[in-house]
Each structure stands twice: as C-alpha cells, then as structure tokens.
Amino acid sequence: MIESESPMRVVIDTNIWSSGLLWKGLPWHVLRLAEENKVEIVAMLPMLEELETVLYYSRLQPRRLELSLEIADLIAYATTLVSMVELERIEPVVIADPDDDVFVKCAVAAGAKYLIPGDKHLLALEQWQGIPVVTPPRVPRTRISPPSGQVNR
C-alpha cells in the first residue's frame, strides 16, 4: 500500500485569515485546501483571539453583513481548519510589530513549510530559521494555486 503524502504545514497571519474568510482569491484558496486536507494550517490560541478581534473591525462589517456571516461562526469554522500548538514563552522577533512574533514562533514550533502573511512586517523577514515567509502567490503553484477561472466573491 502506498501512503499518501502528508499535508504541507503552513502558518497564516490574520490578514490572510480575514481575507480568506470574507473574500475569494488566494487566501480563500488556502482555507479551501485546508478543508480538503491538502495543507495543514497550524495556529496558537493568541492568533485565533487576534482574528476574532480583527473580525469586529468596523471596516469589515459591511462585507461580513453582505455575506450574512456571524463572527462566532467564522471563528468556529477557523478552529475546524487548524492544528493547535502551544508555546510557553515567545521571544521577540519582529521588532517593528511585536504582536507578529506569535506567527513566527508558531511556524518554528510547528515545523511549518511556509509562513504565509499579508503583513508587511512579517514579509520583511523573508525567512526565519529556514522557513520562507511568503505571500500566497509565492508558495509553489502546485500547492496553493486556485482553479483557473475563479472569480472573487
């Protein structure tokens, strides 16, 4: 019997989460791949707490209401897509925005293949301890590319 390849482990930041939950495009496609067990999204509790906070931002409410989505449902959906890791202590990494440290440390602790942020401070790292820090289009196309002809919601 041939064993199937395990899903690629990735960490995504809050920008990718909120874009993927509320719009189509490459962030949405990453979430779909997690649904299909083609990628494994790894997270820590503070990351999901930040996502919930961001989903309450007033600038996102028109879109959320247009889609008739409840924040609690979005968070519940996100938790179904992630494998959780824990760290006792997070050392400073992203000097320009220390709140972003959790994403970097999660990627290292999980042995992630990629850290996929939309945040400029994280993207400025380019890599951390051998983990590439890239936007969704920079992840190998065989893993993250959406089907051709996809349209945005």
Scanning region 127-146 for residues that are modelled with pLDDT under 90 and assigned to a loop (DSSP other than H, G, I, E, B), the one farthest from Gly20 (Cα to Cα) turns out to be Gln129
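Residue by residue, here is whether (1) touching a residue at least 40 places away in the same chain (Cβ under 8 Å); (2) surrounded by 18 or more Cβ atoms within 10 Å (Cβ to Cβ); (3) of a type in the set (A, V, I, L, M); (4) in contact with a Pro (Cβ under 9 Å, 6 or more places away or on another chain) holds:
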residue: Lys38; (1), (2), (3), (4): yes, no, no, yes
residue: Leu60; (1), (2), (3), (4): yes, no, yes, no
residue: Ser68; (1), (2), (3), (4): no, no, no, no
residue: Glu86; (1), (2), (3), (4): yes, no, no, no
For residues that are under 19 Å from the mean Cα position of the chain (by Cα) and among the acidic types (Asp, Glu), scanning just region 50-72, find the one that is nearest to Ile12 (Cα to Cα).
-> Glu50
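Under the condition of being farther than 16 Å from Phe103 by Cβ and of a type outside the set (Asp, Glu), which residue from region 70-80 is surrounded by the most Cβ atoms within 10 Å (Cβ to Cβ)? Break it down stepwise before answering.
As a first pass, look at region 70-80 and keep what is farther than 16 Å from Phe103 by Cβ: 70-77, 79-80.
Imposing the further condition that a residue be of a type outside the set (Asp, Glu) reduces the set to 71-72, 74-77, 79-80.
Numbers: Ile71: 17, Ala72: 10, Leu74: 19, Ile75: 16, Ala76: 10, Tyr77: 13, Thr79: 13, Thr80: 8.
Residue satisfying both the conditions and the ranking: Leu74.
When you check Val42 against the structure, is it touching a Lys or Arg at 6+ places or on another chain (Cβ under 7 Å) and among the β-branched types (Val, Ile, Thr), yes or no?
Yes; evaluated as a whole, the condition is true for this residue.
Could you name every one of the strands (runs of 3 or more DSSP E) located completely within region 1-99 that has at least 2 residues being modelled with pLDDT of 95 or more and under 19 Å from Gly118 (Cβ atoms)? Step through it out loud before you land on a result.
Values: elements: 8-12, 39-43, 82-84.
By residue number, 8-12, 39-43.
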Restricting the first residue to region 5-33 and requiring it to be over 15 Å from Arg63 (Cβ atoms) and touching a residue at least 24 places away in the same chain (Cβ under 8 Å), which pairs with a second residue that is β-branched (Val, Ile, Thr) and in a loop (DSSP other than H, G, I, E, B) meet a Cβ separation below 9 Å and a spacing of at least six or different chains?
-> Met8/Val139; Val10/Val139; Ile16/Thr135; Leu26/Thr135; Leu26/Val139; Val30/Val139
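The values are calculated or read from the model by the stated rules, or taken from the named source; none is laboratory data. These numbers come from a predicted model, not from an experiment. For neighbour counting, all protein chains shown are included, and Cβ atoms are generated from backbone atoms with ideal geometry for every residue, glycine included.
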